[in-house]
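Visitor: Shown below is the structure under consideration.
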Amino acid sequence: QVQLVESGGGLVQAGGSLRLSCAASGRTFSTRVMGWFRQPPGKEREFVAAINWNGGSTSYADSAKGRFTISRDNAKNLVSLQMNSLKPDDTAVYYCAAEPVRAAVTLSAAGYVYWGQGTQVTVSS
């Protein structure tokens, strides 16, 4: 029902910045909480950031707080993750995810029902 496509990943030096984007299909984008998760090599998928339906509220993992900013443009069905001051520990595949329609914000991956294929972010030291 919903397709999510991430873009913007790449190789960056520590201290640098990247902006990830996620394009979503369908008419329900504005009624879905959107989130970003990441999966470092050899580790489980972990929460990074989430944003509510209209963008008025955001949530961040402690590791992302102060460095990452999630935003959305409901007119364009886009959600973005601006990543600044990147560290080698940020190296991971980053996934865009969508909650069910009109669900409350959750930080658990189990609360998200649609997932993109991921985009690789590699931060060199």
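Visitor: If a residue must be farther than 18 Å from Met83 by Cβ and open to solvent by less than 50 Å² (accessible area, probe 1.4 Å), how many such residues does the stretch 31-48 contain?
Guide: 3
Visitor: If I filter the stretch 50-62 down to residues being among the polar types (S, T, N, Q) and within 16 Å of Phe37 (Cβ to Cβ), which single residue comes out as surrounded by the fewest Cβ atoms within 10 Å (Cβ to Cβ)?
Guide: Result: Thr58.
Visitor: Check Ala110 against each of (1) of a type outside the set (Asp, Glu); (2) part of a helix (DSSP H, G or I); (3) within 17 Å of Val12 (Cβ to Cβ) and name the one condition it does not meet.
Guide: Failed condition: (3).
Yes/no per residue for (1) of a type outside the set (A, V, I, L, M); (2) over 14 Å from Arg32 (Cα atoms); (3) open to solvent by less than 30 Å² (accessible area, probe 1.4 Å); (4) not in a helix (DSSP H, G or I):
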{"site": "Ala64", "(1), (2), (3), (4)": "no, yes, yes, yes"}
{"site": "Arg72", "(1), (2), (3), (4)": "yes, no, no, yes"}
{"site": "Ser85", "(1), (2), (3), (4)": "yes, yes, no, yes"}
{"site": "Val93", "(1), (2), (3), (4)": "no, yes, no, yes"}
{"site": "Ala97", "(1), (2), (3), (4)": "no, no, yes, yes"}
{"site": "Thr106", "(1), (2), (3), (4)": "yes, no, no, yes"}
{"site": "Gln117", "(1), (2), (3), (4)": "yes, yes, no, yes"}
{"site": "Gln120", "(1), (2), (3), (4)": "yes, yes, no, yes"}
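Visitor: When you scan the stretch 3-40, how many residues do you find that are closer than 16 Å to Pro100 by Cβ and not aromatic (Phe, Trp, Tyr)?
Guide: Of the residues in that region, 13 qualify.
Visitor: Take the residues in the stretch 7-18 that are more than 11 Å from Val121 (Cβ to Cβ) and in a strand (DSSP E or B); name whichever of them is most open to solvent (accessible area, probe 1.4 Å).
Guide: Gln13
The values are calculated or read from the model by the stated rules, or taken from the named source; none is laboratory data. Owing to the predicted nature of the structure, the values given are computational and were not obtained by experimental measurement. Using ideal geometry, Cβ is built from the backbone for each residue, glycine included, and neighbour counts are taken over all protein chains shown. When the accessible area is computed, the model is the full protein with side chains, heavy atoms only, and any ligands, DNA or RNA have been set aside. Shrake-Rupley method; radii C 1.70, N 1.55, O 1.52, S 1.80 Å.
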